[in-house]
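Notes follow once the structure below has been shown.
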Amino acid sequence: MLDPIVAFFQRIFAAIGRGIGLVIAWILWPFMTAANWYRARGWIIKGPIGIGLLVLVGLYAYFIWQTQVWSGFNPDYVNSYNLAQRKQDAGVSSTGAAATTPAAGELAEPEPKTCVRSAIVDVTADLIDYNVDQNAWISSMLLYKLGLFGLDWDKTPWFDNKASFQRGINQAVRRTSVELVDSLGRVRGTSGINADLQRARGNIQFDEETWYFGSDSLLPKTPTPNYYRTAMADLRKFNASLESCEAIFDGRSDNLIEFLDRIANDIGSTSAIIRERSEFHNGGWFDTRADDRFWFAYGQLYGYYGILSAAGADFDAVIKARGLDPLWVETIKQLRSALNIQPAIISNGREDGWIMPTHLATMGFYILRVRSNLVEMRDVLAR
């Protein structure tokens, strides 16, 4: 009695097996054809092609390694700065009084005048170092630019997470470099733009994808990481000048208002991108663009977690004077909580779904919480 039913399912599974076999044969056909052609050639042709294939395999092995190994990744990296131990704001003079010689009781030469370094600048420079020195800058690597048979890696589920994460950090660094030039690194209206910060801003704004050669010119180019390394060196040079009291850090409340406003607008734009993707492209685990949206936002919050923590040290007097301590601490905690979300596979499921999670909506929730606190702090300072 069951024989017809069994035979029916056997035919179904046999048809599925033949279909899968045809698909695999279709995928492998170009490679099998190339292998047969290669075997029929002489060593004069085989040699160079074989060497080229070995180089290509080596490049892909290096590329895969760099995209999958995240050197120095640490959501608690802020702890290494010991910002709570800071006693003075950035740019404030810390020494310079005349010292008394204990033996003779005579006045010695005044100590060299020193000022407090900017934690914001230190963290920003270190984030650049993390992106281009501790790790390879993925976005300008040749194989990342070539994509998967011409298809942009960002449109595939593979090898784009680290690149998106780095670009998110870079977005926070770019925004901060602009604010350092325009307001934090000078007394507006009474001093000129600091040359070191100006160069750093220009170099960090350089495009993210330049390799040694490009399709628009036959001449060799300076790759993106080199520009970013130069920006990092200029930031460190500025802080060295600040430490010797030869540069300015203007820690006024109106500068902090503007800084918070710019950051709120920056992460607000990212929130809008996440919302659009979450609402109109919720394909669950099958949304191949959800991962780069998620990791860009994650990298941006990773960067701002350090930068805003540093701002709390650089503007400590303003924050305490305006009673912002509790709100500031809560904002930093929310930034750190967002960094706890590290799913192995990013899912962009429906918000009312029960099978596939919605990691994008969760990240968007944290972004909006942080932005809401930034707006509230800005409003308190503006009163």
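Given the conditions (1) assigned to a helix (DSSP H, G or I); (2) open to solvent by less than 50 Å² (accessible area, probe 1.4 Å), and given that F249 satisfies all but one, which numbered condition is not satisfied?
Status for F249: all satisfied but (1).
Only one residue in I128, I120 is within 14 Å of the chain's Cα centre (by Cα), of a type in the set (A, V, I, L, M, F, W, C) and not in a strand (DSSP E or B). Which one?
I128
Which of the following residues is open to solvent by 20 Å² or more (accessible area, probe 1.4 Å) and not in a loop (DSSP other than H, G, I, E, B): N265, N255?
Exactly one residue qualifies, and that residue is N265.
Looking for something open to solvent by 100 Å² or more (accessible area, probe 1.4 Å) and modelled with pLDDT under 85 - is there at least one such residue anywhere in the range 42-57?
Scanning the range 42-57, I find at least one residue that is open to solvent by 100 Å² or more (accessible area, probe 1.4 Å) and modelled with pLDDT under 85, so the answer is yes.
Determine if the range 18-30 includes at least one residue that is in a helix (DSSP H, G or I), surrounded by 11 or more Cβ atoms within 10 Å (Cβ to Cβ) and out of contact with any Lys or Arg (no Cβ under 7 Å at 6 or more places or on another chain).
Checked against the condition, which is being in a helix (DSSP H, G or I), surrounded by 11 or more Cβ atoms within 10 Å (Cβ to Cβ) and out of contact with any Lys or Arg (no Cβ under 7 Å at 6 or more places or on another chain), the range 18-30 yields at least one hit.
With G192, G168 as the choices, which residue is assigned to a loop (DSSP other than H, G, I, E, B), among the small types (G, A, S) and open to solvent by less than 60 Å² (accessible area, probe 1.4 Å)?
Step by step, each of G192, G168 is checked, and only G192 is assigned to a loop (DSSP other than H, G, I, E, B), among the small types (G, A, S) and open to solvent by less than 60 Å² (accessible area, probe 1.4 Å).
Kindly establish whether I12 is more than 30 Å from E243 (Cα to Cα), within 44 Å of the chain's Cα centre (by Cα) and assigned to a helix (DSSP H, G or I).
Answer is no for this residue.
Suppose we filter L324, L308, L360 for residues that are open to solvent by less than 50 Å² (accessible area, probe 1.4 Å), at pLDDT below 95 and within 22 Å of the chain's Cα centre (by Cα); which single one remains?
L360
Every residue in the range 337-352 that is open to solvent by 50 Å² or more (accessible area, probe 1.4 Å) and under 14 Å from Y77 (Cα atoms), please.
Hit for the range 337-352 is N340, nothing else.
Being of a type in the set (D, E) and open to solvent by 40 Å² or more (accessible area, probe 1.4 Å) is the filter here; which residues of the range 225-246 pass it?
Selection gives E243, E246.
Among L197, L219, which is open to solvent by 70 Å² or more (accessible area, probe 1.4 Å) and either aliphatic (A, V, I, L, M) or not in a helix (DSSP H, G or I) (or both)?
L219
The values are calculated or read from the model by the stated rules, or taken from the named source; none is laboratory data. Not measured: the values here are computed from a predicted model. In this analysis, Cβ positions are derived from the backbone assuming ideal geometry, glycine residues included, and neighbour counts consider all displayed protein chains. Note: accessible area is taken over every heavy atom of the protein model, side chains too, but ligands, DNA and RNA are not part of it. Shrake-Rupley method; radii C 1.70, N 1.55, O 1.52, S 1.80 Å.
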